[in-house]
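**Q** The structure's right below; bear with me while I get my questions together.
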Amino acid sequence: MKKVLLSAVALMAFGIAAQAQDIKFGVKAGVNIADLSDNSAGSRVGFHVGGLAEFGITEQFSIQPELLYSGQGAKVNEGFGDVDLKLDYISLPVLAKYRIVKGFSVEAGPQVGFLISAKAEDEDVKDAYKSVDFGVTGGAEYELPMGVFFQARYYVGLSSVTEDIEVFGTSYSADTNNIMISLSAGYRF
């Protein structure tokens, strides 16, 4: 189901991009304040960096796919103390942008993330986490006339990122989702 949905989103984005009137490319970087939905110990501060393309459809509406490295995770309470859980993803958001006034826009859309690394206190725990994370993101952007822009976004994972586990013959279904606030700065050329 996720592959079908991701394929449909990609086809829609490429179809819209083919009709784009104005295409701009850019780079961006910023800070992530990430957590897990069932976590009570605290957030992980990470960073993101990557590139984007903006396909203008009309004066006010555009589609913006991005390719980002994104450091996520959380501080997790393991009974004996808090542990830094580092979940690193290659993220692909595809956002619909609407310009409210010159320079200011709101944006929202689906995002898929591919897990590239999972570590708890430098121990590899990738087997305990699913390789794909799917969710939605939304936010706002302000762009200066010279192409420099600033973004604030909120991401909510819709799919669980943890694997179901079995302990002493008892199965436990995990339902833990990524959540994140991202603050970015970038440049469109």
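The values are calculated or read from the model by the stated rules, or taken from the named source; none is laboratory data. Predicted, not measured: the structure shown is a model, and the values here were computed from it. So basically every Cβ, Gly included, is an ideal-geometry build from the backbone, and we count neighbours across all protein chains shown. The area values use the complete protein model at the heavy-atom level, side chains included, leaving out ligands, DNA and RNA. Shrake-Rupley method; radii C 1.70, N 1.55, O 1.52, S 1.80 Å.
**Q** Every residue in segment 71-92 that is open to solvent by 20 Å² or more (accessible area, probe 1.4 Å) and either under 10 Å from the mean Cα position of the chain (by Cα) or among the hydroxyl-bearing types (S, T, Y) (or both), please.
**A** We begin by selecting, within segment 71-92, every residue open to solvent by 20 Å² or more (accessible area, probe 1.4 Å); these are 75-82, 84, 86, 88, 90, 92.
Of everything in segment 71-92, those that are open to solvent by 20 Å² or more (accessible area, probe 1.4 Å) and either under 10 Å from the mean Cα position of the chain (by Cα) or among the hydroxyl-bearing types (S, T, Y) (or both) turn out to be I90, L92.
Here's the yes/no breakdown for (1) on the phi < 0 side of the Ramachandran plot; (2) β-branched (V, I, T); (3) touching a helix residue (DSSP H, G or I) at 6+ places or on another chain (Cβ under 7 Å):
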residue	(1), (2), (3)
N77	yes, no, no
L85	yes, no, no
S91	yes, no, no
A96	yes, no, no
R99	yes, no, no
S105	yes, no, no
V112	yes, yes, yes
E121	no, no, no
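**Q** Would you confirm, using the coordinates I've provided, whether V125 is closer than 20 Å to V31 by Cα and in contact with a Lys or Arg (Cβ under 9 Å, 6 or more places away or on another chain)? Lay out the reasoning, then the answer.
**A** Details: closer than 20 Å to V31 by Cα: no; in contact with a Lys or Arg (Cβ under 9 Å, 6 or more places away or on another chain): yes.
Criteria not met by V125.
**Q** Quick check on my filter: what residues within segment 159-178 are surrounded by fewer than 19 Cβ atoms within 10 Å (Cβ to Cβ) and either at pLDDT 95 or above or not in a loop (DSSP other than H, G, I, E, B) (or both)?
**A** T162, I165, E166, V167, T170, S171, Y172
**Q** Could you say which residue among L144, L95, L68 is over 24 Å from D38 (Cα atoms) and open to solvent by 50 Å² or more (accessible area, probe 1.4 Å)? Walk me through it before giving the result.
**A** Numbers: L95 fails: open to solvent by 50 Å² or more (accessible area, probe 1.4 Å); L68 fails: open to solvent by 50 Å² or more (accessible area, probe 1.4 Å).
Matching residue, one of L144, L95, L68: L144.
**Q** Of the conditions (1) modelled with pLDDT under 95; (2) touching a strand residue (DSSP E or B) at 6+ places or on another chain (Cβ under 7 Å); (3) open to solvent by 20 Å² or more (accessible area, probe 1.4 Å), S131 clears all except one; give me its number.
**A** (1)
**Q** Would you mind stating whether K102 is under 19 Å from R188 (Cα atoms) and in contact with a Ser or Thr (Cβ under 6 Å, 6 or more places away or on another chain)? Can you show your working first?
**A** Numbers: under 19 Å from R188 (Cα atoms): yes; in contact with a Ser or Thr (Cβ under 6 Å, 6 or more places away or on another chain): no.
No, not satisfied.
**Q** Also, I was wondering about something else. From the residues in segment 98-128 that are closer than 22 Å to Q151 by Cα and open to solvent by 70 Å² or more (accessible area, probe 1.4 Å), which one is modelled with the lowest pLDDT? Walk me through it before giving the result.
**A** To start, the set of residues in segment 98-128 that are closer than 22 Å to Q151 by Cα comprises 98-113.
Of the ones still in play, those that are also open to solvent by 70 Å² or more (accessible area, probe 1.4 Å) are 98, 100-102, 104.
Details: Y98: 98, I100: 97, V101: 97, K102: 94, F104: 98.
Selected residue: K102.
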